[in-house]
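Below is one structure, written out as structure tokens, with a few remarks after it.
The values are calculated or read from the model by the stated rules, or taken from the named source; none is laboratory data. Computed from a predicted structure; not experimentally measured. Neighbour counts are summed over all protein chains in view; Cβ atoms, including those assigned to glycine, are modelled from backbone coordinates with ideal geometry. SASA here: full protein model, heavy atoms, side chains in, ligands and nucleic acids out. Shrake-Rupley method; radii C 1.70, N 1.55, O 1.52, S 1.80 Å.
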Amino acid sequence: MSLEARVARTMGSLQLDVDLCVGDGEVLALLGPNGAGKTTLLRVLAGLAGVDVGRIAIDGTVVDDPLAGRFVPAEHRSVGMVFQDYLLFDHLRVIDNVAFGICARGASRAGGRAEARRWLERVGLAERADARPPQLSGGQAQRVALARALATSPRLMLLDEPLAALDAAGRAELRHDLRTHLGEFGGSTVLVTHDPVDAFAIADRVAVLEGGRVTQTGSLDAVAAQPRSRYVAELVGVNLLRGEGRGGVVRTTADVAVVAADAPDGAVYAVIHPHAVSLTRSAPSGSSVRNVWPVTVAEVGRLGGRARVRVAGPVPLVAEVTAAALAELDLRPGDEVFAGVKATEVQVYPA
Amino acid sequence: MSARRTRVRPPAVVVGLAAVAVAFFALPLAGLLWRAPWSSAWHHLSRPGARQALRLSVICSLWATALSIVFGVPLAWMLARRAMPGRRAIRALCLLSMVLPPVVGGVALLFAFGRRGLAGQFLDRWFGVRLPFSTAGVVVAETFVAMPFLVITVEAALRNLDPRHEDAARTLGASPWYTLRRVTLPAIRPALLAGAVLTWARALGEFGATITFAGNFPGTTQTMPLAVYLGLESDPESAVVLALAMVAVCFAVLVALRDHWYGNLRQPGIDG
């Protein structure tokens, strides 16, 4: 394992307590809401802050272990870091930005520049070598920042929301570049993001960080199929209910019975996809739909040919309907309607 | 309507008061020019006394600026970046001489560095160094009153600088010293320059602390402001010429630094 980290650190109201292992050549995406401790965790891994309790080893070398009295500061760790807002040095040309780390480690200016030029060619920015950072587009600046970090030949790459400051086009392009360059990178990578699209495109594995703890980890598909928190459910766009399973029925925390096709006994999560939720003006009669709840329309949002309707009631849900259906039902916030879900559309798994 | 309509017209009161302010700055200069004995100006300036005072002023103010940079930048860095106990008190102490009447500063310097002063007695006994009434004393007095201008300017710039640039440098393998030299100082260069000019201008014009601590000896401690003031009684024409020479020197520096200076004012702060 190239990165092994056990990190406990208290920062204000945040209590970070995380175990992470990232293999050689592996990209771990760290997903989580704001304030979950993602940036703090990266700073600790980089050596810009220390752990209170724990141990961090990069490539088998212990870089932080308070019990052993060991702390290797950032400048002596083999770590490359990329920031959301690039943090290029505006007073240096692009080439000297990329050469900065090489020269800081003792190379001559000419040697650093030669190496930097090779890296600029790899990220496709050789012709911008003499530009100043403020003259670059966001995507170019972030590619320079990536080259600057990779040029020091780190063993661990840390990327803190590298795509968040870019517009949609720049984001798609850089996402592709990141996948290429991180794919060629032999060390471990931790990528902080709150966009599952980025995680899906770039990462091999995801870990969900919430309130300072990892709540879920695994492949993105596995995490998306069985969300274990409201955050993940909203991230992948499904309805998540929590309850007690017994005899094929889930009794939710709001004491509503949800009939499912297969439900294990005990504490469970139930997932309902928005497209499996039907909305009707009157209670359906003689229907095969096993779950029907009276609800109130809370919010209607349209996107192209589809609409998402958030309803409140004993079972708060998001329903996805066609724009045509929305027009026919004439749904407005405050309307009383019925939400129906077939038992076979409710996926239940142990909590 | 024409494009002129879209421009907001400033209130007449603002225009009027601003015009008064401009006149207030322009009139004293006009007064000097009006009283200047132009025909004999070169004669006054080329007198050994005047040349000595000018030379002494330039040398001492440059020394004071250099010392202020050498000691003031580290002080500003500590004040901006280190959470020290009593930081506010330390800052107040270091900036005190900026608001203190310079004569009081000069008296305080005498008690500290005079021959019988708190530190001065040891300087004299151990090293044979006597600061009062020497050219070195002029530099000390000027540094004492001028350095705070450098400290506050540089500290403000450091506070505006996103410390994460320094973090980025460190993750690239730069030691704290390398980071300071290659990232922090270049990033605050405009502020450093502006602070140095303010400091130099304050040192050049220093009068009260200098005459109290260093005295008024032509050739060793009589700087231009002293020469101007004393000349006013004995030789007013010469005083006016010396005063104009100072105006010219200051004006030349402002013009030479114009791009840096105004460029710095135009440049928006770095976002945090």
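A quick yes/no check of all residues on (1) away from chain B (no Cβ under 14 Å); (2) open to solvent by 10 Å² or more (accessible area, probe 1.4 Å); (3) not small (Gly, Ala, Ser):
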site	(1), (2), (3)
A:41	yes, no, yes
A:47	no, no, no
A:61	yes, yes, yes
A:70	yes, yes, yes
A:74	no, no, no
A:89	no, no, yes
A:103	no, yes, yes
Original post:
Can you name the condition, by its number, that residue A:83 falls short on among (1) more than 10 Å from chain B (Cβ to nearest Cβ); (2) touching a residue at least 12 places away in the same chain (Cβ under 8 Å)?
Top reply: (1)
**OP:** Test residue B:125 against the stated conditions and say whether it is under 30 Å from residue A:151 (Cβ atoms) and over 19 Å from the mean Cα position of the chain (by Cα).
**Re:** no
Original post:
Taking only pairs six or more apart or across chains, which ones have beta-carbon atoms under 9 Å, a first residue in segment A:107-135 that is open to solvent by 70 Å² or more (accessible area, probe 1.4 Å), and a second residue that is of a type in the set (D, E, K, R)?
Top reply: A:109/A:96; A:113/A:96; A:122/A:184; A:130/A:93; A:132/A:90; A:132/A:93; A:134/A:90; A:135/A:128
Original post:
In the set A:101, A:112, which member is part of a helix (DSSP H, G or I), closer than 21 Å to residue A:46 by Cβ and not aromatic (Phe, Trp, Tyr)?
Top reply: A:101
Original post:
Of the residues in segment A:182-206, how many are more than 14 Å from residue A:235 (Cβ to Cβ) and of a type in the set (Phe, Trp, Tyr)?
Top reply: 1
Original post:
What number of residues within segment B:154-188 are more than 11 Å from chain A (Cβ to nearest Cβ) and buried (at least 24 other Cβ atoms within 10 Å of the Cβ)?
Top reply: 2
**OP:** Please report, ordered by residue number, the strands (runs of 3 or more DSSP E) entirely within segment A:1-85 with at least 1 residues that are over 19 Å from the mean Cα position of the chain (by Cα).
**Re:** A:3-11, A:14-22, A:53-58, A:61-65, A:79-82
**OP:** Could you name every one of the strands (runs of 3 or more DSSP E) located completely within segment A:149-231 that has at least 2 residues being away from chain B (no Cβ under 14 Å) and in contact with a Ser or Thr (Cβ under 6 Å, 6 or more places away or on another chain)?
**Re:** A:205-210
Original post:
Is segment B:26-45 home to any residue that is in contact with an Asp or Glu (Cβ under 7 Å, 6 or more places away or on another chain) and farther than 19 Å from residue B:244 by Cα?
Top reply: no
**OP:** Could you tell me whether any residue of segment A:239-254 is within 20 Å of the chain's Cα centre (by Cα) and closer than 29 Å to residue A:156 by Cα?
**Re:** no
Subject >> Scan of segment B:71-96 for residues that are within 14 Å of the chain's Cα centre (by Cα) and surrounded by fewer than 20 Cβ atoms within 10 Å (Cβ to Cβ), ordered by number >> reply: B:95
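Considering each residue of segment A:267-288, count those that are over 23 Å from residue A:309 (Cα atoms) and modelled with pLDDT of 90 or more, and give that number. Steps first, answer last, please.
Taking segment A:267-288 as the starting set, the residues that turn out to be over 23 Å from residue A:309 (Cα atoms) are A:267-268, A:286.
From what's left, modelled with pLDDT of 90 or more: A:267-268.
The number of residues fulfilling the criteria is 2.
Name the strands (runs of 3 or more DSSP E) wholly inside segment A:240-351 in which the number of residues that are under 21 Å from residue A:225 (Cβ atoms) and open to solvent by less than 60 Å² (accessible area, probe 1.4 Å) is 3 or more. If you could, list the steps in order and put the result at the bottom.
Values: elements: A:249-252, A:257-259, A:266-272, A:278-280, A:291-303, A:306-312, A:317-322, A:336-341, A:346-350.
Filter on segment A:240-351 gives A:266-272, A:317-322, A:346-350.
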Subject >> Spans of helices (runs of 4 or more DSSP H) in segment B:145-239 with at least 1 residues touching a residue at least 24 places away in the same chain (Cβ under 8 Å) >> reply: B:189-204, B:208-213, B:224-234
Subject >> Residue count, segment B:98-120 (criterion: at pLDDT 90 or above and not β-branched (Val, Ile, Thr)) >> reply: 13
Original post:
What are the residues in segment B:105-128 that are in contact (Cβ under 8 Å) with a residue 12 or more places away in the chain and assigned to a helix (DSSP H, G or I), if any?
Top reply: B:105, B:106, B:107, B:109, B:110, B:113, B:120
Subject >> Selection status of residue A:61, within 30 Å of residue A:136 (Cβ to Cβ), hydroxyl-bearing (Ser, Thr, Tyr) and modelled with pLDDT under 95 >> reply: no
